[in-house]
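Student: Sharing a structure with you now.
The values are calculated or read from the model by the stated rules, or taken from the named source; none is laboratory data. Fair warning: this is a prediction, and the values are worked out from it, not measured in the lab. For neighbour counting, all protein chains shown are included, and Cβ atoms are generated from backbone atoms with ideal geometry for every residue, glycine included.
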Amino acid sequence: MFAVLKTGGKQYRVESGDVLRVEKLAAAAGEKIQFNDVLMLGGDETVVGTPLIEGAGVQAEVIDQIKGEKLIHFVRRRRKHSSKRTKGHRQKLTLVRITEILASGADKTGVKAAAGAGSAVATPAAKAEAPAGADDLKKLSGVGPALEKKLHAAGVTSFAQIAAWTDADVADMDEKLSFKGRIEREGWIEQAKELAKG
């Protein structure tokens, strides 16, 4: 049985026992990880995902964190008094051995999902930061996760609170959270009144 998995922006065709060099993963040597982005399974019968196969996974063991071969980037501009520049780079990689290919039930194994070294994996603890019963303030135009966090820190958790703001409240929020007139510009109060109705 083989699988086609996606990690680090690349696709790999793997079988059990294969050793791969993939973009650096946030895992220590000897740790067991699972790739959940499976695009295709092959063997007795072929299954192609749309784009991913639900419940499929590829489990692997991290052998080591390594560096790729050195790549030299040389730039030279022709002509008299030209310039030249040399830069070297060694890509950080993770060496993994594929241990098992799961056609279904991968979400129930409890094995840590493979995540890139730079990406933040959303954990239940991180999601629990929003106060209980708080509205999803990201529904307001121009509000993303960072602004929502700022509003929660200022004690604003519901659309009803925003809908009840006076001109003084708007000026206070502008000054306190440096919104620079965004509240009026985006029309948060009108949006909040509509969203508060349900």
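Student: Which of the residues belonging to region 75-102 are under 24 Å from the mean Cα position of the chain (by Cα) and either among the hydroxyl-bearing types (Ser, Thr, Tyr) or over 26 Å from Asp64 (Cβ atoms) (or both)?
Tutor: Thr94, the sole residue that qualifies.
Student: Scan region 63-89 and report the pairs whose first residue is closer than 30 Å to Ala27 by Cα and whose second residue is of a type in the set (A, V, I, L, M, F, W, C) and surrounded by 10 or more Cβ atoms within 10 Å (Cβ to Cβ), with Cβ atoms within less than 6 Å and a gap of 6+ or a chain change.
Tutor: Here the result reads Ile63/Leu95; Asp64/Ala29; Asp64/Leu95; Ile66/Leu93; Ile66/Leu95; Gly68/Leu93; His89/Leu71, each pair linking region 63-89 to a residue that is of a type in the set (A, V, I, L, M, F, W, C) and surrounded by 10 or more Cβ atoms within 10 Å (Cβ to Cβ).
Student: Tally time: how many residues in region 62-103 are of a type outside the set (Asp, Glu) and under 13 Å from Phe35 (Cα atoms)? Quick ask: steps written out before the conclusion?
Tutor: Our first condition is that a residue be of a type outside the set (Asp, Glu); within region 62-103, this holds for 62-63, 65-68, 70-99, 101-103.
Those left that are additionally under 13 Å from Phe35 (Cα atoms): 62, 96-99, 101-103.
Looking only at that region, the number is 8.
Student: So, of the residues in region 135-163 that are aliphatic (A, V, I, L, M) and more than 18 Å from Glu194 (Cβ to Cβ), which turns out to be surrounded by the most Cβ atoms within 10 Å (Cβ to Cβ)?
Tutor: Pass one, region 135-163, residues aliphatic (A, V, I, L, M): 137, 140, 143, 146-147, 151, 153-154, 156, 160, 162-163.
Next cut, more than 18 Å from Glu194 (Cβ to Cβ) only: 146-147, 153-154.
Values: Ala146: 8, Leu147: 16, Ala153: 10, Ala154: 12.
Checking each candidate, the answer is Leu147.
Student: From Gly88, Gly57, grab the single residue that is farther than 30 Å from Gly155 by Cα, of a type outside the set (S, T, N, Q), modelled with pLDDT of 90 or more and surrounded by 13 or more Cβ atoms within 10 Å (Cβ to Cβ). Full working, then the answer.
Tutor: Values: Gly88 fails: surrounded by 13 or more Cβ atoms within 10 Å (Cβ to Cβ).
On inspection, the qualifying residue turns out to be Gly57.
Student: Looking only at region 16-39, which residues are surrounded by 13 or more Cβ atoms within 10 Å (Cβ to Cβ) and either over 15 Å from Gln59 (Cβ atoms) or over 23 Å from the mean Cα position of the chain (by Cα) (or both)?
Tutor: Here is the first cut: in region 16-39, the residues surrounded by 13 or more Cβ atoms within 10 Å (Cβ to Cβ) are 16, 18, 20-27, 31-39.
Result: Ser16, Asp18, Arg21, Glu23, Lys24, Ala26, Leu39.
Student: Can you name every residue in region 164-198 that is among the aliphatic types (A, V, I, L, M), more than 13 Å from Lys139 (Cβ to Cβ) and surrounded by 11 or more Cβ atoms within 10 Å (Cβ to Cβ)?
Tutor: Looking only at region 164-198, we keep the residues that are among the aliphatic types (A, V, I, L, M), and these are 164, 168, 170-171, 173, 177, 183, 189, 192, 195-196.
From what is left, the residues that are more than 13 Å from Lys139 (Cβ to Cβ) are 164, 168, 170-171, 173, 177, 183, 189.
Residues satisfying the conditions are Ala164, Val170, Ala171, Met173, Leu177, Ile183, Ile189.
Student: Which condition from (1) over 27 Å from Lys112 (Cβ atoms); (2) of a type outside the set (Phe, Trp, Tyr); (3) in contact (Cβ under 8 Å) with a residue 12 or more places away in the chain; (4) in contact with a strand residue (DSSP E or B) (Cβ under 6 Å, 6 or more places away or on another chain) is the one that Gln59 breaks?
Tutor: In the conditions (1) over 27 Å from Lys112 (Cβ atoms); (2) of a type outside the set (Phe, Trp, Tyr); (3) in contact (Cβ under 8 Å) with a residue 12 or more places away in the chain; (4) in contact with a strand residue (DSSP E or B) (Cβ under 6 Å, 6 or more places away or on another chain), Gln59 misses (1) alone.
Student: Tell me, yes or no, whether region 128-150 has at least one residue that is within 20 Å of the chain's Cα centre (by Cα), within 30 Å of Leu41 (Cβ to Cβ), in a helix (DSSP H, G or I) and modelled with pLDDT under 85.
Tutor: Looking for residues that are within 20 Å of the chain's Cα centre (by Cα), within 30 Å of Leu41 (Cβ to Cβ), in a helix (DSSP H, G or I) and modelled with pLDDT under 85, one finds none in region 128-150, hence no.
Student: For region 1-11: of the residues being not β-branched (Val, Ile, Thr) and not in a loop (DSSP other than H, G, I, E, B), which is nearest to the chain's Cα centre (by Cα)?
Tutor: My answer is Lys6.
Student: Spot the failing condition for Ile72; the list is (1) surrounded by fewer than 10 Cβ atoms within 10 Å (Cβ to Cβ); (2) part of a loop (DSSP other than H, G, I, E, B), and only one is missed.
Tutor: With (1) surrounded by fewer than 10 Cβ atoms within 10 Å (Cβ to Cβ); (2) part of a loop (DSSP other than H, G, I, E, B) applied to Ile72, the lone miss is (2).
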